[in-house]
Amino acid sequence: MDAQRSWGLADVELLDGGDARRRFPYLGKNVVNARYRQGDGWLEPRRLALELARASGSHFRLGETVIGFERDDDGMVVGVITDRGKIRGDVVIAAGPLSAPLAKLAGLDLPLATVRRQKLIIPDLPQVPAEAPMTIEFETGAHWRPAGTGAHALWTAPAPAELPQDDVPTSNDFAFGLLDPSSDHAYTPDRRPLLGPTEIPGLAVNTGYSGHGIMGSIGGSRRALDAIYGRLKPQDNPFRPDRAMEARAFDVL
């Protein structure tokens, strides 16, 4: 909590178990303490993405698949090749879990591993008030928030990395694991994003947010642009793609 306050979040409260249950009666008896901030909220990723796209004034070409990269005589990336033709311009790979196979087309190996994440939709849950805050279990990262007359719940289960897929298959094992009190995303080794120019001239990346893209994407994109245009020097960019990485365990929020 001291770190949060040092960031300017002076209104974060630390509640013991009794205070937490008095304020939120649906919490279980095993809750020891809680951190709470009244000013927090949650974002809707689709609405945010569409609004950012609209406000940018950019031109979008949909339904095209990148199949390669165009280079000049010096080997610099100067555009992309799609299944409908070529598009010349500055190139930034920002394809989330699909960033690694896309970068591979340019001969770049990104240190990304993808772990399946799923959402459990509970359509009706009267025990949870509609105005309840998003709740995160610190030990496991399991979290939920009210949605409609029920709740949405998510949990990154311990699982081996797997290849990214457009259509991720679901499994009821996830739901039963999330609802079992006894049970205990693209990730970089150090759980930090890859932002800025790569070792391949003309090719930059903005990816690897380790499940926190909706929260970090705007600030991360600004840092990536500053790095691309030289406003942020490589030695001052802790998220540069060629940094030395020390593997870290999965962090919860």
Consider only pairs whose beta carbons are under 8 Å apart and that are at least six residues apart or on different chains; among these, list those whose first residue lies in region 118-138 and is under 18 Å from Glu13 (Cα atoms) and whose second residue is basic (Lys, Arg) and surrounded by fewer than 10 Cβ atoms within 10 Å (Cβ to Cβ).
-> none
Those residues of region 149-189 which are surrounded by 13 or more Cβ atoms within 10 Å (Cβ to Cβ), among the hydroxyl-bearing types (Ser, Thr, Tyr) and modelled with pLDDT under 65, in sequence order | Ser183
Search result, residues across region 71-102 that are under 22 Å from Pro164 (Cβ atoms) and hydrophobic (A, V, I, L, M, F, W, C) = Val77, Val80, Ile81, Val91, Val92, Ile93, Ala94, Ala95, Leu98, Ala100, Leu102
Using the structure shown, decide if Ala53 is under 30 Å from Ala132 (Cα atoms), surrounded by 11 or more Cβ atoms within 10 Å (Cβ to Cβ) and of a type in the set (Gly, Ala, Ser).
-> no
Boolean, Ala20 is closer than 17 Å to His143 by Cβ and either in a helix (DSSP H, G or I) or out of contact with any Leu (no Cβ under 9 Å at 6 or more places or on another chain) (or both) | yes
For Arg231, indicate whether it is of a type outside the set (Asp, Glu), under 20 Å from the mean Cα position of the chain (by Cα) and more than 20 Å from Lys104 (Cα to Cα).
-> no
Selection status of Gly41, part of a strand (DSSP E or B) and not acidic (Asp, Glu) | no
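Give the residue, chosen from Trp7, Trp42, that is surrounded by 10 or more Cβ atoms within 10 Å (Cβ to Cβ), more than 30 Å from Asp90 (Cα to Cα) and under 21 Å from the mean Cα position of the chain (by Cα). Steps first, please.
Numbers: Trp7 fails: surrounded by 10 or more Cβ atoms within 10 Å (Cβ to Cβ).
Criteria check complete, one pass: Trp42.
Just need a number here: residues in region 101-158 that are part of a loop (DSSP other than H, G, I, E, B) and either at negative phi or not assigned by TED's automatic domain parsing to the domain that holds Ser210 (or both).
Qualifying residue count for the region: 31.
With the structure loaded, tell me whether Ala132 is modelled with pLDDT of 90 or more, touching a Pro at 6+ places or on another chain (Cβ under 8 Å) and more than 29 Å from Ala227 (Cβ to Cβ) or whether it fails that test.
Yes, satisfied.
The values are calculated or read from the model by the stated rules, or taken from the named source; none is laboratory data. Everything quoted here is computed from the prediction, not taken from an experiment. Please note: Cβ atoms are built from the backbone with ideal geometry, for glycine as well, and neighbour counts cover all protein chains shown.
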